[in-house]
Amino acid sequence: MRILLAEDDPMIGASVRRGLTQDGFTVDWVEDGRAAEAALAEGVHDAVVLDLGLPRKSGLEVLSAMRRRHDARPVLILTARDAVADRVAGLDAGADDYVVKPFDLGELAARLRALLRRGAGRAEPVVTYGNIAFNTATREVRVDGEAVQLSARELALLEAMLARPGAILSRSQLEDKLYGWSDPVESNAVEVHIHALRRKLGADVIRNVRGVGWMLARRDSAAA
Ligand code: CA
């Protein structure tokens, strides 16, 4: 899942980016409200971690404008300990959750997963499709009940496909989920990761629609 982080404090920004990246998120970091708006306009992020006290345009203004244009992506706000009124204003402006600085990175990641889960209409942490089960909290993948080891990129690719099962995803749609702005995109990388996923999950799990993209094909477990 790709996250937009808007935070002007360099220490907090760097530590949140590092922590969320370690938890398997692709993170793009901006340091002011106008840059956040420009990033949101790209439409590639799955959720937003938004500091309310941002230069150039406040987090509250960014959030209000998002909701005015019916952008329903989950937003988690970061607020100061003594700023109860800000938290109330943020939630009333359309934020889905908040954490108070200083916060625990593990809790922030868990809250984000909860928002993304709810946004996808799920209450449980495990996404299943046919014989594939992906635990979004532990990032463990099982095929027919057997644990399978995937690299971070392979996992991100599988997660993007599980988010839209049955849809054909183009190379650029998949690259958008795999790479943040600061990650170099290698040519053929999507093919390389798809190849690895097929080898680990089963050759018929991902179908290639020539000239269009790839889709996850449902394969049910053999009857026990
Ligand atoms: Ca700030």
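The numbers here are math on the coordinates, done by the rules we state, and not lab data. Keep in mind that this is a model prediction, so the values were computed, not measured. Here Cβ is always computed from backbone atoms with ideal geometry, including for glycine, and neighbour counts include all displayed protein chains.
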Problem - Cα principal axis extents for the chain, largest first, Å - result: 56, 37, 31
Completion exercise
For the chain, whose charge dipole is built from +1 on Lys and Arg Cβ atoms and -1 on Asp and Glu Cβ atoms, the candidate among Gly202, Leu5, Leu108 with its Cα farthest towards the positive end is Gly202
Completion exercise
Taking Cα atoms only, helix 33-42 is inclined relative to the longest principal axis of the chain by an angle, in degrees rounded to 10, of 30 degrees
Problem - Computed helical MRE - 222 nm, the chain, DSSP H runs ≥ 4 contributing -39500 (n - 2.57), nearest 500 - result: -12000 deg cm²/dmol
Problem - Degrees between helix 10-22 axis and first principal axis of the chain (Cα, 0 to 90, nearest 10) - result: 20 degrees
Fill in the blank from the handout: With the dipole of the chain defined by +1 on each Lys or Arg Cβ and -1 on each Asp or Glu Cβ, the option from Val16, Val143, Val75 whose Cα lies farthest towards the positive pole is Val143
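In debye, nearest 20: dipole of the chain around its Cα centre with unit charges on the Cβ of K, R (+) and D, E (-)? Mind dumping the intermediate values first?
Working: 31 positive and 33 negative charges, 151 e Å.
Charge dipole of the chain: 720 debye, to the nearest 20.
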Exercise for the section: Show the residues, 5+ positions off or on another chain, whose built amide H is closer than 5 Å to the amide H of Thr26. Expected result: Arg2, Ile3
Fill in the blank from the handout: Extend 7 Å from the Cα of Ala85 along its Cα-to-C-beta direction; within the stretch 42-64, residues with backbone N under 20 Å of that point are 51-55, 57-64
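Just need the Rg to Rh number for the stretch 126-216, please, alpha carbons only, Kirkwood Rh. Intermediate results must be reported in sequence, preceding the final value.
On the way: Rg = 12.5 Å, Rh = 13.3 Å.
Taking Rh as the inverse mean 1/r over Cα pairs, Rg/Rh reads 0.94.
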Practice task
Using a cut-off of 9 Å between beta-carbons, work out the net charge of the residues near Lys101 (Lys and Arg +1, Asp and Glu -1, Lys101 not included).
Solution key: -1
Exercise for the section: Name the residues whose placed amide hydrogens come within less than 5 Å of the amide hydrogen of Glu140, ignoring near sequence neighbours (fewer than 5 apart) on the same chain. Expected result: Asn135
Practice task
Extending each Cα 7 Å along its Cβ direction at Asn208 and Thr21, get the distance between those two points in nm, one decimal.
Solution key: 3.2 nm
Practice task
Can you tell me the FRET efficiency between Ser182 and Ala65 if r is taken as the Cβ-Cβ distance and R0 is 25 Å, rounded to the nearest 0.05?
Solution key: 0.45
